[in-house]
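The values are calculated or read from the model by the stated rules, or taken from the named source; none is laboratory data. Just so it is clear, the structure is predicted and the values come from calculations on it, not from any experiment. Note that each Cβ is placed from the backbone with ideal geometry, even for glycine, and that neighbours are counted across all protein chains shown. In case anyone asks, the SASA skips ligands and DNA or RNA and just uses the protein heavy atoms, side chains included. Shrake-Rupley method; radii C 1.70, N 1.55, O 1.52, S 1.80 Å.
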Amino acid sequence: MNKDQLQADSAMLAEKDSDFSKIIDAGLSRRRFMQGGATAMGLFLAANPLTAAIAATTNPKSKLLGFSKIPTSTADTFVVPEGYIAKPLISWGDPILKGAPMFDESGRQPASAQAGQFGDNTDGMTFFPLSEDRALLAVNNEYTNYKLLFDHKGDTMTADDVKKAQAAHGVSIFEIKRTADGWEYRKESEYNRRITANTAMMLAGPAAGHDLLKTSADNTGTKVLGTFNNCANGETPWGTYLTCEENFNGYFAKPGVALNDHEKRYGLKDNSKYKWFKFDDRFDITKEPNEPNRHGWVVEIDPMDPSSTPMKRTALGRFKHENAAVTIADNGHVVVYLGDDERGEHLYKFVTKNKFNPEDKAANRSLLDEGTLYVSRFSAETGEVKGKGEWLELTYGKNGLTKENGFNSQAEVVIYAREAATVVGATTMDRPEWVAVHPKTKTVCCTLTNNKNRGKKDNQPVGGPNPRASNKYGQIVRWTETNGDNTATTFKWDLFLVAGNPTIHKDFYAGSANIDDENMFNSPDGLGFDNDGRLWILTDGSYSNEGDFAGMGNNQMLVADPETGEVRRFATGPVACEITGLTFSPDQRTLFVGVQHPGEKDKPSHFPAGGASKPRSTIMAVQRVDGGIVGA
């Protein structure tokens with residue numbers, strides 16, 4: 001961003017009589033905000049109440065954070081604090097099914113080999129205990145890099161190449177066992193399973209059976225093949241895994257035919273870099289116009305039953321799902337928070353119609369098929385230290401979701417959830433990604449990773465939880481539901497953290513007061529609380545280490561204390577990776593975290609094997625040397 005633009009943004013924030021400037025006035029004078037820059041803004045935003053925020057900046061010591069922070073790194077390795085050890089658990093291409101071959105770096109293995117191996121580009125994951133020393137890991141495999149997957153780097157695709165790429169996507173479920181040397185994965189366990197872009201699944205909920213979900217291969221609109229671009233995840237109280245379909249649009253193409261408005265809103269194009277549409281008619285929209293409508297859902301999987309059929313839960317809406325943060329409200333209803341990871345899209349909440357019954361596992365299995373889907377609207381009022389917000393109901397016949405506005409049923413509302421959110425007046429967000437619910441207070445946080453369009457597009461004005469134009473650093477929004485009830489339709493919010501670079505900027509682009517030159521980062525993405533309430537922050541941002549990102553190094557994982565606002569860097573990843581996906585063993589003594597796409601864009605990485613090896617996405621198991629609780 002140039003100097004003139006920065007000055008223009010600062011002037012707008014200082015002078016514009018917006019809701020956001022009013023909320024600034026409630027805690028600090030405008031003049032103090034502008035003179036103090038990021039520090040003054042941080043006093044207002046970093047924690048709640050305001051006095052706690054001030055305490056955090058003057059005495060930031062945390063009782064929750066018991067490790068020494070580490071510096072940034074540009075090394076091609078995974079770095080953890082002194083007193084910790086991190087070991088690779090499993091990497092892309094490792095065999096997990098019976099008869100599957102070992103990984104071959106040549107890129108010439110057939111589709112049948114990849115179908116039995118751990119998928120590519122690990123992302124969200126969940127630990128499911130079997131006993132004290134045995135467990136299952138359910139792990140998303142988001143996408144694949146053709147330059148690494150194939151010896152021809154994707155230049156001369158064949159039908160088998162497409163099947164191989166499809167097999168590298170989806171979900172990997174495998175058993176792990178604790179040994180004297182730490183956790184190890186068990187090859188050929190009876191629990192091990194691959195779920196790919198060709199696995200048979202069922203559509204359930206209000207959209208199931210609708211004409212918009214019917215294809216030439218499925219005239220019922222209930223049977224669908226596959227899941228892909230599985231980003232983050234969730235876990236239900238009844239022990240199932242939720243995998244979230246994000247950038248599904250990128251696999252479809254509509255060559256030679258104009259896109260309709262629905263297709264444009266969901267990012268469909270006339271071509272696809274993955275080239276599946278050339279060998280699999282499902283992905284050619286000119287041949288199967290409804291196939292894209294069968295993707296972009298949350299999929300529920302029973303990890304304990306390798307023969308079970310995954311279920312796409314349509315009641316939770318269709319969009320580019322990031323994760324599914326599940327909690328049980330005090331009244332017994334199950335609540336799922338959902339982010340739509342695209343610039344200018346929205347933040348959602350689903351509340352089940354029926355209550356969770358720990359004694360009736362069968363009844364719980366259908367809980368996510370009935371309930372109410374909501375989308376958020378954020379606002380601020382003069383005199384309020386915290387902003388206000390409301391959950392707008394996305395139910396057919398309400399809030400303008402009628403035939404006059406293009407909706408003919410609840411099925412169409414969930415299939416076109418993005419358009420429904422626009423009709424009801426939801427707030428456009430800076431790429432809402434992972435959502436996390438505090439295990440004790442039920443306070444909710446969401447990463448807003450970045451947004452180059454903020455302040456440039458008419459539907460994405462600066463203000464509220466999106467306070468900076470051309471937002472390249474990101475922030476974390478936090479809210480508390482009214483009366484602590486996660487089923488409530490109103491809430492209060494603030495910004496827990498605003499990322500930035502204080503070594504480059506002296507204004508609000510430096511970040512909030514709890515960000516300094518020793519813990520700075522950009523693009524918060526992954527997010528999760530551990531059992532003690534530490535907030536783990538994983539990044540997927542620029543690793544150029546230049547310009548606005550100078551000094552930030554490789555992507556990283558940080559830990560924050562929600563009480564004091566203190567943030568410490570806990571880990572850094574190898575060259576050109578994203579740090580994503582985290583889950584803990586029940587005793588909190590092992591943290592599993594993913595290293596995705598090391599060496600992307602031809603960057604010089606050989607992680608994790610070193611030498612001249614091909615870089616491979618990998619899950620790391622992190623423990624304390626003394627066996628204690630991670631992070632404490």
### Query
For the residue pair Asp261 and Glu370, what label-to-label distance in nm results when each label sits 7 Å from Cα along the Cα-to-beta-carbon direction?
3.4
## Note on the structure
One finds, for Val385 and Ala632 with R0 = 30 angstrom and r their Cβ-Cβ distance, a FRET efficiency to the nearest 0.05 of 0.45
### Query
With the other protein chains left in place, how much accessible area per residue, in square angstrom, belongs to the range 467-600 at a 1.4 angstrom probe?
23
### Query
Evaluated at 37 °C with a viscosity of 0.692 mPa s, what Stokes-Einstein diffusion coefficient in µm²/s does the range 470-560 have when Rh comes from the Kirkwood expression over alpha-carbon pairs?
231
### Task
Evaluate the relative contact order of the chain (contact order divided by residue number), counting alpha-carbon pairs under 8 angstrom at least 6 apart; express in whole percent.
17
### Query
Where the Cα atoms of the range 381-472 are projected onto their three principal axes, how long is each span, largest first, in whole Å?
39, 38, 29
### Query
Between Asn354 and Thr309, 0.36 nm times their residue separation minus their Cα-Cα distance comes to what?
13.9 nm
### Query
Ignoring ligands, DNA and RNA, what percent of the 1.4 Å accessible area of the range 250-353 is carbon and sulfur?
47
### Task
Order Glu322, Glu235, Glu412, Glu359, most accessible first, counting only protein heavy atoms with a 1.4 angstrom probe.
Glu359, Glu235, Glu412, Glu322
### Message
Place a point 7 Å from Cα of Thr490 in the direction of its Cβ. Which residues in the range 378-417 have their backbone N less than 20 Å from it?
### Response
378-394, 399
### Query
Once fully extended, how much extra length lies between Asp211 and Ser409, figured as 0.36 nm per residue of separation less the alpha-carbon to alpha-carbon distance?
70.1 nm
### Query
How high is the relative contact order of the range 405-536, in percent, counting Cα pairs under 8 Å that sit 6 or more residues apart?
22
### Query
Can you give the convex hull volume of the alpha carbon atoms of the range 334-490 per residue, in Å³?
130
### Query
In percent, what relative contact order does the range 279-342 have, based on Cα pairs under 8 Å that are 6 or more apart in sequence?
23
## Note on the structure
Per residue, accessible area of the range 341-421 with a 1.4 Å probe, heavy atoms of protein chains only, in Å², comes to 42
### Query
Points 7 angstrom from Cα along the Cβ direction at Met102 and Thr503: gap in nanometres?
4.2
### Spacing of the two label points (7 Å from each Cα toward its C-beta) at Asp532 and Ser68, in nm
1.8
### Query
So, with +1 on the Cβ of K and R and -1 on the Cβ of D and E, and no other charges, what is the size of the charge dipole of the chain about its Cα centre, to the nearest 20 debye?
420
### Query
Only one of the listed values, (1) 0.95; (2) 1.11; (3) 0.97, was derived from the coordinates as Rg/Rh (Cα atoms, Kirkwood Rh); which label is it?
(1)
### Length released on extending from Lys287 to Ala200, taking residue separation times 0.36 nm less the Cα-Cα span
29.3 nm
